[in-house]
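Trainee: Quick one: structure below, then a few questions.
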């Protein structure tokens, strides 16, 4: 592959501390970059907001799973008792909803938990088995211990390899590297 034909994922800058990373993310967002990501060995308060990340709607997933579990539990019991196998026991109505409450409640909790858990994994891309940033040896060595990185992706509309590298150097990083896709 020649230098012109290689495809890059983006540019990565390494920073000394979490404060430097947060400041760099704020400045990059203010400068107009929108497709970027920050990497840190622990949670940095305010980094997601600085990167311009939008909420992914996890509470809605739990609500959706709970409503689905509730409806499933109630309708399953109603169908079994009133339609499929009706038994008149002691003159009680076939669709006596008070006796459906415990199972309906349990399936509400189960549906919310399962749907929320797996939905969160999917939305956070937990099943992504490969990411180009791991092609960078410096990232592999430092990311889990004491590395703070900001990656501006090549898919960003404002991305230009030379101008973006110049901008990242203006943030006073430890180093700036190109990440191959």
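Taken together, the values in this text are just the output of simple stated rules run on the coordinates, not laboratory data. Keep in mind that this is a model prediction, so the values were computed, not measured. With ideal geometry, Cβ positions are generated from the backbone for all residues, glycine too; neighbour counts draw on all protein chains shown.
Trainee: Normalising by the residue count of the stretch 27-131, find the relative contact order in percent from Cα pairs under 8 Å and 6+ residues apart.
Mentor: Values: 83 pairs, mean separation 35.2, N = 105.
Once divided by the residue count of the stretch 27-131, the mean separation gives 34 percent.
Trainee: Comparing 84, 37, 20, which has the greatest mean-square fluctuation in the GNM of the chain with Cα pairs linked when under 10 Å apart?
Mentor: The residue with the greatest mean-square fluctuation here is 84.
Trainee: To continue, here is another question. Please compute the length gained on full extension between residue 85 and residue 134, using 0.36 nm multiplied by the number of residues separating them and subtracting their Cα-Cα distance. Provide the component values of the computation, followed by the final result.
Mentor: Numbers: separation 49, 0.36 × 49 = 17.64 nm, distance 5.84 nm.
Taking 0.36 nm per residue and subtracting the Cα distance, the gain is 11.8 nm.
Trainee: Oh, and also: Along the Cα→Cβ direction, 7 angstrom out, place labels at residue 99 and residue 58. What is the inter-label distance in nm?
Mentor: Result: 4.0 nm between the two label points.
Trainee: Between the stretch 36-50 and the stretch 107-167, what is the separation of their alpha carbon centroids in Å?
Mentor: 11 Å
Trainee: Let me check I have the definition right: for the stretch 58-123, take the eigenvalues of the Cα gyration tensor, multiply each by 5, take square roots. What are those semi-axes in whole Å, largest first?
Mentor: Details: eigenvalues 189, 18, 10 Å².
With the √(5λ) rule applied to the stretch 58-123, the semi-axes are 31, 9, 7 Å.
Trainee: Does anyone have the angle between helix 18-31 and the longest principal axis of the chain? Alpha-carbon axes, 0 to 90°, nearest 10?
Mentor: 90 degrees
Trainee: Compute the long axis of helix 58-78 from its Cα atoms, compare it with the longest principal axis of the Cα atoms of the chain, and write down the angle in degrees, 0 to 90, nearest 10.
Mentor: The angle comes out near 20 degrees.
Trainee: Using only Cα atoms, find the angle between the long axis of helix 101-123 and the longest principal axis of the chain, and express it within 0 to 90 degrees, rounded to the nearest 10.
Mentor: Approximately 20 degrees, to the nearest 10.
Trainee: Okay, moving on. Over all distinct Cα pairs, what is the inverse of the mean 1/r for the chain, reported as the Kirkwood hydrodynamic radius in Å?
Mentor: Taking every pair of different Cα atoms in the chain, averaging 1/r and inverting gives 20.1 Å.
Trainee: Also, quick follow-up: Run the numbers for residue 158 and residue 67: contour at 0.36 nm per residue of separation, minus the present Cα-Cα distance, in nm. Kindly include the intermediate steps, with their values, before the conclusion.
Mentor: Numbers: separation 91, 0.36 × 91 = 32.76 nm, distance 4.25 nm.
So the extension gain works out to 28.5 nm.
Trainee: Same structure, new question: Put a dot 7 Å past each Cα toward the Cβ at residue 109 and residue 127; how far apart are the dots in nm?
Mentor: 2.8 nm
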